Amino acid sequence: MSAKPPRTLKTVTGAGGVSETYDLAVDPERSTLDTALQVAALAEAARIDALFTADLLSFGAQGAIGSQEPLVFVSALAAVTKRIGLIATVSSTFHHPYNLARLFGTLDHISNGRAAWNLVTSSLGEENFGPGGLPSPEERYARAAETLEVVNALWDSWQPGALTRGPDGRAVLDAAKVRPIDHTGRYFSVAGPLNIPPLPQRRPVQFQAGQSDAGRTLGARYAEVVFTSLPTLDVALDFTRKIRGQAEEFGRPAGLPLIFSSFHATYGATEEEARRLVRERHEAIDFERGRAQVADMLGGGVDLSEPPLDAPLPESLLPDVTTVNRRRGRVDIFTGYARQGYTLRELIIAAQDTGHWAVAGTPEQLADAVEERFRAGVLDVLMLGGLADPRQHDFAVNGLLHELRKRRIVGQDYAGPTLRQNLGLELPPDAG
Ligand SMILES: Cc1cc2nc3c(=O)[nH]c(=O)nc-3n(C[C@H](O)[C@H](O)[C@H](O)COP(=O)(O)O)c2cc1C
């Protein structure tokens, strides 16, 4: 067996087409895919490992920016790309596993093995999937676990050799090797088999986002890559230690799941320029409006209209996370800040990055911050944003990515045709 190549940092960028959606939608000459087509071409030219789409199932919170259905979006990008991976964020709370197995199975076929599913349990959108409100985190994660059991069984329902190529080049089906899954569970009853041929990757790469205790446990059990917001090195070290420990208890190979971190970069040609950009952003904050933002970061059940801005929040105002129904992982981050003594004003500033890892500086300084986490083993996949903006693209690709390649932290080229190969992931041991 060939020696495993040295560990390298993988990169992902947003597929784009979110903040421009409305402008493109009203432009008769263009489609809402246009920006994403440019970003996909730039990202593949830069040998970025995958394109990522987030998911929003509600107008309310994000009315200001548009959103398009992630799977439809990346399927269109599959047709105009060759090597770059295609990650679609889709909710297990508001989809049925048989459809999910077909949707991601088809994406893997039409992309020749570049599909990935970022499973989320959603914290918004229940008003569109009634009757009944947002199920509790316990319910959402229990359903997510059963969903994964079902989709994995469906992707494995074709045994090796079920479909082969005959001497005339035509397919030969051995139907005896295509087996029903006969699943009966708390949420689903699914006979199977899947009516899609075995996937190029056998299973799409499994991502997951949601880092409450229940979310981390789901990721430790099933995810190959977990998408996280880890604002500080300490939070990243603590999260990685816990999830890897749980994964080991589940009998998973060392080093899984890979840690994929969001990354809010403020680039400057000089350190002073980057500091000025951050200063100007903070000076533009409406701190009265910021009170509601922090209340949202704390789960939405606290009233912060009265407390003084330049004093820490009293413990009595901090929620018990077990009583919070939405984004418990993020509530953990902000109650953590509050217990460290952040004033309300400092919490409002932190809320601008909604709990994500934010770094400002020159590309070399950002490479230092990335290298620190990579060498500490708490960063395996980096979100590299801003490719739709020419100046940000220059900083991100010709600056940071170039610097990380010079330091041999990021690989020079794609390792193979499939996303699994480019992320250095073996097939899950329990894949049929
Ligand atoms: C980095 C990150 C990105 C996320 N992206 C999305 C998203 O695009 N769409 C979505 O519905 N939920 C997203 N979520 C939230 C998930 O839906 C999550 O399952 C849910 O909020 C429960 O989170 P919890 O485990 O923190 O309680 C994201 C979570 C994290 C940590």
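The values are calculated or read from the model by the stated rules, or taken from the named source; none is laboratory data. Keep in mind the model is a prediction, meaning the values are calculated, not measured. All Cβ positions, glycine included, derive from the backbone under ideal geometry; neighbour counts span all protein chains shown. Side chains are part of the model used for accessible areas, which takes the heavy atoms of the whole protein and leaves out ligands, DNA and RNA. Shrake-Rupley method; radii C 1.70, N 1.55, O 1.52, S 1.80 Å.
Count, please, the residues in region 19-70 that happen to be assigned to a loop (DSSP other than H, G, I, E, B), surrounded by 18 or more Cβ atoms within 10 Å (Cβ to Cβ), among the small types (Gly, Ala, Ser) and modelled with pLDDT of 90 or more. Matching residues across region 19-70 total 1.
Pull up region 72-116, narrow it to residues that are closer than 27 Å to ARG186 by Cα and of a type in the set (A, V, I, L, M, F, W, C), then point me to the one that is most open to solvent (accessible area, probe 1.4 Å). Looking at the filtered set, the residue picked out is LEU103. Listed by first and then second residue, the pairs linking a residue in region 34-58 that is touching a residue at least 12 places away in the same chain (Cβ under 8 Å) and charged (D, E, K, R) to a residue that is part of a helix (DSSP H, G or I) and within 16 Å of the ligand (Cβ to nearest atom), with Cβ atoms under 7 Å apart and 6 or more places separating them unless they lie on different chains, are ASP55/PRO70. Determine whether region 147-155 contains at least one residue that is open to solvent by less than 60 Å² (accessible area, probe 1.4 Å), outside the structural domain of ASP296 (by TED's automatic domain parsing) and within 16 Å of the ligand (Cβ to nearest atom). Yes, region 147-155 has at least one match. Among the numbered conditions (1) open to solvent by 10 Å² or more (accessible area, probe 1.4 Å); (2) within 16 Å of the ligand (Cβ to nearest atom); (3) at pLDDT 95 or above; (4) within 20 Å of the chain's Cα centre (by Cα), the only one that LEU119 does not meet is (1).
Scanning region 225-279 for residues that are acidic (Asp, Glu) and out of contact with any helix residue (DSSP H, G or I) (no Cβ under 9 Å at 6 or more places or on another chain) gives ASP234, ASP238, GLU272, GLU273.
In region 122-139, the qualifying residues are those that are surrounded by fewer than 23 Cβ atoms within 10 Å (Cβ to Cβ) and in a helix (DSSP H, G or I), and the one that is farthest from the ligand (Cβ to nearest atom) is GLU127. Quick check on region 353-381: of everything there that is more than 16 Å from the ligand (Cβ to nearest atom) and in contact with a Lys or Arg (Cβ under 7 Å, 6 or more places away or on another chain), which residue is farthest from HIS264 (Cα to Cα)? Checking each candidate, the answer is GLU371. Residues considered: VAL235, VAL190, VAL226. Of these, the only one that is touching a Pro at 6+ places or on another chain (Cβ under 7 Å) and either away from the ligand (no atom under 16 Å from the Cβ) or farther than 30 Å from ALA153 by Cβ (or both) is VAL190.
The single residue among LEU218, LEU230 that is within 19 Å of the chain's Cα centre (by Cα), among the aliphatic types (A, V, I, L, M) and farther than 25 Å from THR147 by Cβ turns out to be LEU230.
Taking region 377-430 as the range and being surrounded by fewer than 23 Cβ atoms within 10 Å (Cβ to Cβ), small (Gly, Ala, Ser) and touching a residue at least 60 places away in the same chain (Cβ under 8 Å) as the test, the residues that pass are GLY377, GLY385, GLY386, ALA388, GLY399, GLY411, ALA415, GLY424. Checking each residue in region 196-218 for being among the basic types (Lys, Arg) and more than 8 Å from the ligand (Cβ to nearest atom) picks out ARG202, ARG203. Listed here are the helices (runs of 4 or more DSSP H) enclosed by region 309-405 that have at least 1 residues being among the aromatic types (Phe, Trp, Tyr): 328-339, 363-375. Quick check on region 172-187: of everything there that is touching a Pro at 6+ places or on another chain (Cβ under 8 Å) and not in a loop (DSSP other than H, G, I, E, B), which residue is least open to solvent (accessible area, probe 1.4 Å)? Selected residue: VAL178.
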